[in-house]
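Here's the structure, in structure tokens; my notes come after.
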Amino acid sequence: MASPDARPRPGARPRNVHTLLKARLPARLFQILRQAGTTGDRQQTPVYAVGGFVRDLLLNTPTGDVDLVVEGRGIRFAKTFAQHHKARVTAHERFGTATVTFADGHRLDIATARTERYARPAALPTVTPGTIGDDLARRDFTINALAVRLNPARFGDLVDVLGGERDLRGKTIRVLHERSFIEDPTRAFRAIRFEQRLGFRLSRDTARLLREAARRRVVRRLSPSRLSDAVIHVLSERDPGAILAGLADFDLLHDIHPRLRWSPAAARLLKDAGRVLARHTRIHPDRPVQPWVVYGMAVMSTLPRPAVNAVLARLPFPRRQAHLILQAMHTRDRLLPALAQRRRVVPLETIRLLRTLPDETLIFLRAAVPSATGKRRLSALLAAAQRATPVLTGHDLRAMGLTPGPLYTRILNRLWDARLKGAVTTETGERRLVARLTRPS
Ligand code: CTP
């Protein structure tokens, strides 16, 4: 737990990180923070940058979203700030929060400083306005309970009343109080995520509290949507395998699904998926994919099918991604046996299957095929499928006077088949085939 000895002596001047902000932030972001401070002064309101932004600033790692906290009326501040700087503002009155989006795409999330009280473990808390100190004390870990003052006269003053900087130096993840994991079980996932992402360790007390919370199965109290968000966050990290292994150490995978286990085979599969993903990004920077979906496929493929269905029924993943994950399981079941056969000729429908798959699924399949021979055969099939892509497109069919509709898919499929079999090798050949297919009988 955060120890009180971390509090600065009364009257001591806080550390100022103005120079750090100037040196480490892009000039435009620095300017936006300056402007936020000025608006704060105009409204006689203390304003701070908080949380992960300050943590990443002090660690000198790239920062994600910028969160501001205002001691006073956050939404009023956001509206004035946006008005002065021709930005867009979306307010969430119920939560006292707002998002300000600048024309150049920069975004700030603004909240009113608050205290939180949990009526029931794992439920959403009731909130009341508070001071910056209250706001930091309601947070998850000391390293995330840091703030930087933005008002001009005190621009860059670090607010570190809970020992955040000390723990950053000591590479320690430490909760702020005994009930942290009980009140908000998503913090169990967060603790392991930060531990692995930053290369930190849980403090002894924090590890003990996490073990206790796991024993009380607190994660099961989370609503499906909060659990699903927590899982997506894990799968979106750079090395989800390490985090899943950490969750398994605390027996937390069990709460996602009782059949979910961590094994050397699962670890290998996720590592392979990471390698294929990295290669894809290098070779096709123009074809961005969602890594979490690839890792989701990999994790699900370690489960028996009824368990996959159960997880997808329980966790409300976005619909398209859930569909892709399920489809990947079907494809794997059809493809792997075909690739394992010694026969050199692969059935046409197997190659056809590959043609329409999204990159996420292809990346997963490349990782999931177990043998080197299987991987080579898959590459050859993909190359063949790629080569068979017709020159003609829907655009051309339109130019040929054909009415758009399901007919297009039928024609393009036939062209693709003909290319694959070598029956058609040129654009003229394709046009001839289209003419034959559309001739009135
Ligand atoms: N927070 C918390 N408890 C949670 C979630 C968030 O106390 N369950 C607080 C932390 O102070 C955190 C801040 O809210 O720093 C912002 O949360 P979020 O944006 O989810 O996380 P970041 O710390 O910014 O981490 P990431 O780099 O993963 O975005």
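The values are calculated or read from the model by the stated rules, or taken from the named source; none is laboratory data. Predicted model only: the values in this text are computed from it and were never measured. Glycine gets a Cβ as well: all are built from the backbone with ideal geometry, and neighbour counts include every protein chain shown. The protein model used for the area step is the full one, side chains on, heavy atoms only, and it has no ligands, DNA or RNA in it. Shrake-Rupley method; radii C 1.70, N 1.55, O 1.52, S 1.80 Å.
Numbers at a glance
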{"quantity": "Conditions (1) within 16 Å of the ligand (Cβ to nearest atom); (2) at pLDDT below 95; number of the one not met by LEU59", "calculated": "(2)"}
{"quantity": "Identity of the residue in region 167-178, touching a strand residue (DSSP E or B) at 6+ places or on another chain (Cβ under 8 Å), of a type outside the set (A, V, I, L, M) and not in a loop (DSSP other than H, G, I, E, B), that ends up surrounded by the most Cβ atoms within 10 Å (Cβ to Cβ)", "calculated": "ASP167"}
{"quantity": "Residue match in region 127-136 (condition: away from the ligand (no atom under 15 Å from the Cβ), free of Cβ contacts under 8 Å to residues at least 60 places away in the same chain, polar (S, T, N, Q) and under 24 Å from THR115 (Cβ atoms))", "calculated": "yes"}
{"quantity": "Residue that is farthest from the ligand (Cβ to nearest atom), among those in region 179-211 that are outside any helix (DSSP H, G or I), touching a helix residue (DSSP H, G or I) at 6+ places or on another chain (Cβ under 9 Å) and farther than 29 Å from THR126 by Cα", "calculated": "ARG201"}
{"quantity": "Region 156-178: number of residues that are within 12 Å of the ligand (Cβ to nearest atom) and farther than 18 Å from LEU59 by Cα", "calculated": "3"}
{"quantity": "Residue tally, condition open to solvent by less than 70 Å² (accessible area, probe 1.4 Å) and closer than 19 Å to PRO347 by Cβ, over region 382-414", "calculated": "6"}
{"quantity": "Failed criterion for ASP417 (all others in (1) surrounded by 14 or more Cβ atoms within 10 Å (Cβ to Cβ); (2) within 31 Å of the chain's Cα centre (by Cα) hold)", "calculated": "(2)"}
{"quantity": "Residue list for region 196-213, filter: within 20 Å of LEU57 (Cα to Cα) and open to solvent by 30 Å² or more (accessible area, probe 1.4 Å)", "calculated": "GLN196, ARG197, LEU198, GLY199, ARG201"}
{"quantity": "Where a residue in region 346-364 is free of Cβ contacts under 8 Å to residues at least 60 places away in the same chain and assigned by TED's automatic domain parsing to the domain that holds LEU269 and its partner, wherever it lies, is surrounded by 16 or more Cβ atoms within 10 Å (Cβ to Cβ) and basic (Lys, Arg), with Cβ under 9 Å and at least six apart", "calculated": "VAL346/ARG377"}
{"quantity": "Some residue of region 139-155 being assigned by TED's automatic domain parsing to the domain that holds ARG42, within 14 Å of the ligand (Cβ to nearest atom) and either open to solvent by 30 Å² or more (accessible area, probe 1.4 Å) or among the basic types (Lys, Arg) (or both)", "calculated": "yes"}
